[in-house]
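> Okay, handing you the structure first.
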Amino acid sequence: MKDNLRIAILFTLVTTIVFGVLYPLGVTGLAQLLFPAQSNGSLIVKDGRAVGSQLLGQMFSSPAYFHPRPSGAGTGYDASQSGSPNLAPTNHVLIERVKADVDKLHAENPGAAIPVDLVTTSGSGLDPEISPAAAEFQVSRVARERGISEDQVRQVVAVHIEGRQFGFLGEPAVNVLELNLDLHRTMPMRK
């Protein structure tokens, strides 16, 4: 009995050290060595200060910037509340939110078809990207607010359209934070 207890305790200590300390340290060290930017959160640094992450969306409310898709994470882009609200298509809360978003977008760009990602949340609620169609929908507002031509804004958007991963996975997308930072840097407000 004592031998079994000793073996069980020794096995527990060894596996705790190997899988609870050595393995995580090894994986972390390897990640830092091979993928330093990604393993540190894919942070976007401007003037020596982290302003966001390529992987997490954040809210932009000024009409002079591109807006992300709606967030279902807490009160909006709250990483501690990540996850879908899982509202059924017939849920009145979802229907009212979508109607309000559609009305707001129709007022912004009358007569234009509204891309679905501007009125639906992502599974995590933290999606950093919008579709090229959603970016195009917002071009006129951003150009008007900045006092520049729509073609100038379209040129900046075109630079930020990311193609399908490996040429066939996913859909083309535009990272909203990177687009807005580039827009801010290259075309400051003229109004």
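> Please name all residue pairs, on different chains or six or more residues apart, with Cβ atoms under 9 Å, provided the first residue is in segment 167-191 and is free of Cβ contacts under 8 Å to residues at least 12 places away in the same chain and the second residue is part of a loop (DSSP other than H, G, I, E, B) and charged (D, E, K, R).
Matching pairs, first to second residue: 170/164.
> Please go through segment 93-118 and give me each residue that is over 13 Å from residue 70 (Cα atoms), part of a loop (DSSP other than H, G, I, E, B) and either at pLDDT below 90 or not β-branched (Val, Ile, Thr) (or both), ordered by number.
Listed by number, the residues that qualify are 109, 110, 111, 112, 113.
> Next question, about the same structure. Considering segment 139-156 alone, what residues qualify as being touching a helix residue (DSSP H, G or I) at 6+ places or on another chain (Cβ under 8 Å) and within 16 Å of residue 60 (Cα to Cα)? Even if it seems obvious, please write down each step before you answer.
Residues of segment 139-156 that are touching a helix residue (DSSP H, G or I) at 6+ places or on another chain (Cβ under 8 Å), as a first pass: 139-143, 146, 149-150, 152-154, 156.
Hits for segment 139-156 are 139, 141, 142, 143, 146.
> Go through segment 173-191 residue by residue and tally those that are of a type outside the set (Asp, Glu), assigned to a helix (DSSP H, G or I) and surrounded by 11 or more Cβ atoms within 10 Å (Cβ to Cβ).
So in segment 173-191, the residues of a type outside the set (Asp, Glu) come out as 173-177, 179-181, 183-191.
Cutting the leftovers down to assigned to a helix (DSSP H, G or I) gives us 176-177, 179-181, 183-186.
Narrowing further to those that are surrounded by 11 or more Cβ atoms within 10 Å (Cβ to Cβ): 176-177, 179-181, 183-184, 186.
Residues meeting the conditions: 8.
> Shifting gears a bit: Across segment 57-78, what is the number of residues that are among the hydrophobic types (A, V, I, L, M, F, W, C) and open to solvent by 60 Å² or more (accessible area, probe 1.4 Å)?
At the first step, the residues of segment 57-78 found to be among the hydrophobic types (A, V, I, L, M, F, W, C) are 59-60, 64, 66, 73.
Right, trim to open to solvent by 60 Å² or more (accessible area, probe 1.4 Å) and you get 59.
Final tally of qualifying residues: 1.
> Let me ask something else about it. Can you tell me how many residues within segment 143-172 are of a type in the set (D, E, K, R), open to solvent by 50 Å² or more (accessible area, probe 1.4 Å) and not in a loop (DSSP other than H, G, I, E, B)? Even if it seems obvious, please write down each step before you answer.
Quick first cut of segment 143-172, residues of a type in the set (D, E, K, R) only: 144-146, 150-151, 154, 162, 164, 171.
Checking the rest, the ones that are also open to solvent by 50 Å² or more (accessible area, probe 1.4 Å) come to 144-145, 150-151, 154, 162, 164, 171.
From what's left, not in a loop (DSSP other than H, G, I, E, B): 144-145, 150-151, 154, 162.
The qualifying residues number 6.
> Moving to a separate point now. Give the residues of segment 41-56 that are touching a residue at least 24 places away in the same chain (Cβ under 8 Å) and open to solvent by 60 Å² or more (accessible area, probe 1.4 Å), sorted by residue number.
Filtering segment 41-56 down to residues touching a residue at least 24 places away in the same chain (Cβ under 8 Å) leaves 44, 46, 51-56.
Passing the criteria: 46, 54, 55, 56.
The values are calculated or read from the model by the stated rules, or taken from the named source; none is laboratory data. Since the structure is predicted, the reported quantities are computational estimates derived from the model, not experimental observations. Quick reminder, even Gly has a Cβ in these numbers, built from the backbone with ideal geometry, and neighbours come from all protein chains shown. Just so you know, the surface numbers come from the protein's heavy atoms only, side chains and all, with ligands and any DNA or RNA stripped out. Shrake-Rupley method; radii C 1.70, N 1.55, O 1.52, S 1.80 Å.
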